[in-house]
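*Asks:* One structure follows; several queries about it will come next.
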Amino acid sequence: MIMSVAYIATAYAECNVYEATSSDGAIEYSCSDNRNSRLVMPGTIRSKANQALGMPNPRDLIVKIDAGGTIIDSWVNQRGWRATGQGGGADSRAVYASPGADADALQAAIVSGAPVSAWVATPDGARFDLFSVSFAASQPEVASLNVEPEPITSSEAALSGFKAEMASAHLNGRTSKALLNKACVIEMATAKRDEVRASLTAHLNEASATARGRQQNYDGDRAATVAKLRDYSSPELTAPKILARMFEDGDCRSREQANELYLSECQRAGGRDCECKAEHFAENFVAKTRIGWGNEVEHLRTDAMSACQ
């Protein structure tokens, strides 16, 4: 059976505004990359909501955010929401927008200065308006950090060492890797690594962020990431990651090896029409533009079985 390898793509910044405070200073907005965006209110607002709604179970609350006319289904953290005293932390005073369209809509309202409001309601229709505020309109400022990684003169030993790592990664117990031509993988390794390095650096240089409290930290993190790309110490430039990118990008696919691998496994399992299935599998594997480490290889196998029945 052809095994699959989970490949996790690099996560890039999604926030244009990381932190902001409403014009009246009462509501704090924060966004974390690939996580929920949230609006944090004073504890007194939460306490008044609890009292007005009869101390409801937070699981039963219907929570909404109106972000400049876009209604977002939100929620409150169960921890501490029903309490009126201290404790629970900032999370217990927040309403949330999920990553993706909801977070984008909330951020658009933050940046444009559109009104943002939130309310909670119980299943029986009791409602409490939490707040209605706006944030100072601004335009995201592009962080100027166009740092091109300077060429590094790698020693022959270092290059040989990386190629050896690629060879090891190619043979490291995952059948999918046997679908690639090992000699080709090793030959292309350093060029592919430089290609990935340049692509990741360009992406970082194009990223933007707004100076809202964390801009300096953001720039520092991005500079550190660029520095790791520059000296090849980035986790994204390790042999297994480069091999995964080569696999997905269609580099070094071997029709002969794919055919032999499928044929041997099919025959070992006592399958029928193994030659037909192996040929069909190998042809589609080599021809397909992009293939992930995940279930796509298994889908090709299933297609081959169907085609030769």
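*Asks:* Kindly establish whether SER254 is open to solvent by less than 40 Å² (accessible area, probe 1.4 Å), at pLDDT 85 or above and over 26 Å from the mean Cα position of the chain (by Cα).
*Replies:* Criteria met by SER254.
*Asks:* On the given criteria, is SER117 at pLDDT 85 or above, surrounded by 16 or more Cβ atoms within 10 Å (Cβ to Cβ), more than 28 Å from the chain's Cα centre (by Cα) and of a type in the set (Gly, Ala, Ser)?
*Replies:* Taking the combined requirement at face value, the residue satisfies it.
*Asks:* Do you know which residues across segment 45-77 are in contact with a strand residue (DSSP E or B) (Cβ under 9 Å, 6 or more places away or on another chain) and in a strand (DSSP E or B)?
*Replies:* Of everything in segment 45-77, those that are in contact with a strand residue (DSSP E or B) (Cβ under 9 Å, 6 or more places away or on another chain) and in a strand (DSSP E or B) turn out to be ILE62, VAL63, LYS64, ILE65, ASP66, ALA67, ILE71, ILE72, ASP73, SER74, VAL76.
*Asks:* Next up: Identify all residues within segment 180-202 that are in contact with a Cys (Cβ under 9 Å, 6 or more places away or on another chain) and open to solvent by less than 20 Å² (accessible area, probe 1.4 Å); write none if there are none.
*Replies:* LEU180, VAL185
*Asks:* Sticking with this structure for a sec: Filter segment 266-287 for residues that are of a type in the set (A, V, I, L, M) and more than 26 Å from ASP251 (Cβ to Cβ) and give the result.
*Replies:* ALA269
*Asks:* Could we say that LYS228 is open to solvent by 30 Å² or more (accessible area, probe 1.4 Å), more than 23 Å from VAL286 (Cβ to Cβ) and modelled with pLDDT of 65 or more here?
*Replies:* Yes.
Conditions (1) over 31 Å from the mean Cα position of the chain (by Cα); (2) modelled with pLDDT of 80 or more, marked per residue:
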| position | (1), (2) |
| --- | --- |
| TYR18 | no, no |
| ASP24 | yes, yes |
| ILE27 | no, yes |
| VAL40 | no, yes |
| ILE45 | yes, yes |
| ALA52 | yes, yes |
| MET55 | yes, yes |
| PRO58 | no, yes |
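*Asks:* A further question on this structure: Is at least one residue of segment 142-158 outside any loop (DSSP other than H, G, I, E, B), at pLDDT below 85, outside the structural domain of ALA282 (by the TED database) and touching a helix residue (DSSP H, G or I) at 6+ places or on another chain (Cβ under 6 Å)?
*Replies:* Within segment 142-158, none of the residues are outside any loop (DSSP other than H, G, I, E, B), at pLDDT below 85, outside the structural domain of ALA282 (by the TED database) and touching a helix residue (DSSP H, G or I) at 6+ places or on another chain (Cβ under 6 Å).
*Asks:* In segment 29-71, which residue that is within 23 Å of ASP221 (Cα to Cα) and touching a residue at least 60 places away in the same chain (Cβ under 8 Å) is surrounded by the most Cβ atoms within 10 Å (Cβ to Cβ)?
*Replies:* Among those that are within 23 Å of ASP221 (Cα to Cα) and touching a residue at least 60 places away in the same chain (Cβ under 8 Å), it is SER37.
*Asks:* Please verify whether ASP104 is open to solvent by 40 Å² or more (accessible area, probe 1.4 Å), within 28 Å of the chain's Cα centre (by Cα) and at pLDDT below 80, treating the condition exactly as stated.
*Replies:* When the stated conditions are applied, ASP104 does not pass them.
*Asks:* Checking PHE281 against (1) under 21 Å from the mean Cα position of the chain (by Cα); (2) crowded, with 17+ Cβ neighbours inside 10 Å: exactly one of these is not met. Which one?
*Replies:* (1)
The values are calculated or read from the model by the stated rules, or taken from the named source; none is laboratory data. What you are looking at is a predicted structure, and each value in this text was computed from that prediction instead of being measured. Methodologically, a virtual Cβ is constructed for each residue, glycine included, from the backbone with ideal geometry; neighbour enumeration extends over all protein chains shown. Surface accessibility is based on the protein's heavy atoms, side chains included, excluding ligands, DNA and RNA. Shrake-Rupley method; radii C 1.70, N 1.55, O 1.52, S 1.80 Å.
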